[in-house]
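Heads up: the structure comes next, in structure tokens.
The values are calculated or read from the model by the stated rules, or taken from the named source; none is laboratory data. In this text, all values refer to a predicted model and were calculated from it rather than measured experimentally. Don't worry about glycine lacking a Cβ; one is built from the backbone with ideal geometry, like all the others, and counts go over all protein chains shown. For accessibility, only protein heavy atoms count, side chains too; no ligands or nucleic acids. Shrake-Rupley method; radii C 1.70, N 1.55, O 1.52, S 1.80 Å.
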Amino acid sequence: MIVSHVPITPGQSVRPGQPVKRRTRGAVHAPHSDRGEQILLAQANHQAMTRALRPDPAKVAAAVAAQRAALIGWDAGCPVTDDLDGLIDLLGRLRDLHVAKPETPPPYDRDALGLATRALTAELAALAPGRSVEMRVPPFAAVQCIAGPRHTRGTPASVVETDPLTWLDLATGRTTWAVAAGAGKVRASGERSDLSAYLPLVRRTTAG
């Protein structure tokens with residue numbers, strides 16, 4: 001039997017079988033259980049992204065129908081398909097109506113906006129995989145993206161946050177990163193928080 005001698009810091013108590021954090025030149029290496037937690041977290045994030053990019057077709061169709069119902073009496077352009085692309089297209093046309101008629105804007109369906117927000121943030125994470133930036137679109141989505149220095153606990157050094165409607169505008173090319181940031185609609189911190197190189201995510205469709 002080979003016994004590994006691990007120095008114990010004065011005052012540190014260790015129970016039998018408890019993993020010990022090893023110190024090397026001042027660095028603290030997490031025990032194997034921490035690495036297992038990171039793997040589980042990565043798997044959970046991947047599953048959540050997959051669900052966002054491929055949501056239940058019945059839920060998408062229901063959201064499209066609900067948003068159409070909220071638009072009765074409004075001209076939202078040509079009919080759209082009952083899939084995720086059609087839902088994003090429909091919400092994009094709704095944004096155009098908000099610009100055209102800001103005094104009496106048509107309503108948004110919450111479920112429709114939530115599905116589109118989660119899908120578009122997941123698309124960003126798939127396009128630019130990584131864990132150096134956290135993209136937040138409350139209350140619907142938060143993903144990590146952009147390659148760079150990894151973090152193991154807590155929030156990444158770079159954080160981007162915006163609201164669902166601004167994110168929809170950015171993702172569909174209805175506004176630019178510079179305009180949204182200049183208007184205070186995007187809050188970004190950290191050296192990798194400029195996402196302009198990855199936007200827009202989808203081609204804009206004009207109503208009419």
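Below are the figures for this structure:
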{"read-out": "Residue that is most open to solvent (accessible area, probe 1.4 Å) [pool: residues in the range 84-115 that are assigned to a loop (DSSP other than H, G, I, E, B), touching a residue at least 24 places away in the same chain (Cβ under 8 Å) and in contact with a helix residue (DSSP H, G or I) (Cβ under 6 Å, 6 or more places away or on another chain)]", "value": "Pro107"}
{"read-out": "Ala62, sole failed condition from (1) surrounded by 13 or more Cβ atoms within 10 Å (Cβ to Cβ); (2) modelled with pLDDT under 85; (3) farther than 23 Å from Leu201 by Cα; (4) of a type outside the set (D, E, K, R)", "value": "(2)"}
{"read-out": "Residue in the range 120-133 that is closer than 30 Å to Gly73 by Cβ and at pLDDT 90 or above present", "value": "yes"}
{"read-out": "Hits in the range 116-126 - residues which are among the small types (Gly, Ala, Ser) and open to solvent by 20 Å² or more (accessible area, probe 1.4 Å)", "value": "Ala126"}
{"read-out": "Residue within the range 81-102 that is on the phi > 0 side of the Ramachandran plot and of a type in the set (A, V, I, L, M) present", "value": "no"}
{"read-out": "Tabulated pairs, the range 116-142, first over 20 Å from Ala157 (Cα atoms), second open to solvent by less than 10 Å² (accessible area, probe 1.4 Å), C-beta under 6 angstrom, 6+ apart or interchain", "value": "Ala116/Leu87; Ala116/Leu91; Thr117/Val137; Leu120/Ala171; Phe140/Gly114; Phe140/Thr117"}
{"read-out": "All strands (runs of 3 or more DSSP E) inside the range 131-201 with 1 or more residues being within 21 Å of Gly92 (Cα to Cα), touching a Pro at 6+ places or on another chain (Cβ under 6 Å) and open to solvent by less than 20 Å² (accessible area, probe 1.4 Å)", "value": "133-137"}
